[in-house]
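See below for the structure under consideration.
The values are calculated or read from the model by the stated rules, or taken from the named source; none is laboratory data. Only a predicted model underlies this, so the values are computations on that prediction, with no experimental measurement involved. Cβ atoms come from the backbone with ideal geometry, glycine included; neighbour counts cover every protein chain shown. In case anyone asks, the SASA skips ligands and DNA or RNA and just uses the protein heavy atoms, side chains included. Shrake-Rupley method; radii C 1.70, N 1.55, O 1.52, S 1.80 Å.
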Amino acid sequence: MEMELSLSIASFPLDAETAGEMERLIDGEPEECQTLLLKELWQKPFAKGFAVLAYTVSGELVGCAAAADLVGVHHYEWSAFVAPDYRRLGLATALADGVQHSLEQRGAESELAAFAESEAADAWLNALGYSCSFQELQFEAQPLSVYPLADTVEIFPYEEKYLDELADLLRAAFDESVLPVLEHNLEDPERQVYLMQQGGKLVATATISNEDGALWLTALAVSPDAQRSGFGQAFLKWARHLAHQKNLGRVLVEVETENPSWPVYGKAGFTKVSTISYWQRR
């Protein structure tokens, strides 16, 4: 099939017409496609990102890519999708080139390409000069109608007086690179940071957001000296109960495959739904 196609770039927030075209393009695709293409950010006024759009001469959208600076540190994550009838035309590579052009214009300091694990995507990204940096497992659980926390444990929304203690916990659980993520989560009005205490001591934290009828739990961390005590599992079950209280349909979490604690998610009633690979340029 030979067909003339044109590319354009649109910054977030996208206008309603463009967002509608992208929604129609990926209609019927697995839900992870929407997540990877950052659908929840397309029309958010504060989002720092853009879409690369591929149109036929007649104006039909047949491919798109989306990229966003998720935590405001000039690091972008991006993904792409091409309608099945237009694959094998090199369109995906043209979209990737469009992403690179816009990243350079925006002064991006780093990037990751995020795609569902597949032989075709892996081969294409390798050919583009990318190497797989890490993988994340996405887990899902149904809301839990009842979940009583232990009497000695409480979970409550973040308060500023806990900032130093929270930063110390996250730094110990991860490393210094998590602090800009914490700052972003505290500033984002659509994210809520929660703290878990036992006997007045901070033992765990997680961030909650609502997207497309689901509760997302991110940045779950347990203090190293409180691990293997059931706090992570308790936080996850509490989140499932919170989803029930909010009348949300499910709870979603992502965890790196190299994280040794990921079996905890299964114990908390979560099942694996997909594997996402994150790629860096060589």
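Within the chain, all pairs of alpha-carbon atoms sorted by distance into 5 Å bins from zero give the percentages 1, 5, 11, 15, 17, 16, 13, 9, 6, 4, 2, 1, 0, 0.
Over the chain, DSSP H runs of length four or greater, each weighted -39,500 (n - 2.57), average out per residue to a 222 nm ellipticity of -8500 deg cm²/dmol. Relative to the longest principal axis of the Cα atoms of the chain, the long axis of helix 163-173 lies at roughly 70 degrees.
Here, segment 164-282 has an Rg and a Dmax of 14.4, 48 Å when only alpha carbons are counted. Applying the criteria of a DSSP loop state and at most 14 other Cβ atoms within 10 Å to the GluC sites (Glu not before Pro) of segment 188-282 yields GLU190, GLU258.
Quick check: residue separation of GLU165 and VAL273 times 0.36 nm, minus the Cα distance between them. What number comes out in nm?
Values: separation 108, 0.36 × 108 = 38.88 nm, distance 3.39 nm.
Between GLU165 and VAL273, full extension yields 35.5 nm more.
Taking every protein chain into account, the accessible area of segment 212-282 amounts to 49 square angstrom per residue (probe 1.4 Å).
Take the solvent-accessible surface of the protein heavy atoms, probe 1.4 Å, and return the percent of it on segment 198-282 that carbon and sulfur atoms account for. Provide the component values of the computation, followed by the final result.
Working: 1750 of 3980 Å².
Reported share for carbon and sulfur atoms: 44 percent.
Per residue, the Cα convex hull of segment 108-242 amounts to 154 Å³. Simple spin-label estimate for GLN192 and ARG228 gives 3.4 nm between the two label positions (7 Å along the Cα-to-Cβ direction from each Cα). At 1.4 Å probe size, with the rest of the protein present, what percent of the exposed accessible area of segment 1-125 is carbon and sulfur atoms? Carbon plus sulfur share of accessible area: 48 percent.
Assuming charge only on the beta carbon of Lys and Arg (+1) and of Asp and Glu (-1), the dipole of the chain about its Cα centre is about 700 debye to the nearest 20. Kindly flag which residue pairs out of LYS237/LYS272; LYS44/LYS272; LYS44/LYS246; LYS201/LYS237; LYS161/LYS201; LYS161/LYS267 have an alpha-carbon separation exceeding 24 Å in this structure. The answer is LYS44/LYS272; LYS161/LYS267. Give, as a single signed number, the net charge of other residues whose beta carbon lies under 9 Å from the beta carbon of GLN142, with Lys and Arg counted +1 and Asp and Glu -1. Here the count lands on +1.
Calculate how many DSSP beta bridges within segment 200-282 are antiparallel, expressed in % of all such bridges and rounded to the nearest 5.
On the way: 7 of 11 bridges.
Taking every DSSP beta bridge within segment 200-282, about 65 percent pair in antiparallel fashion.
Considering the chain as a Gaussian network with a 10 Å cut-off on Cα pairs, which listed residue, ARG250, ARG171, ARG106, attains the greatest mean-square fluctuation? Among ARG250, ARG171, ARG106, the largest mean-square fluctuation in the Gaussian network model of the chain belongs to ARG106. Once the Cα-Cα distance is subtracted from the 0.36 nm per residue extended length, the GLN280 to THR56 segment shows a gain of 77.6 nm.
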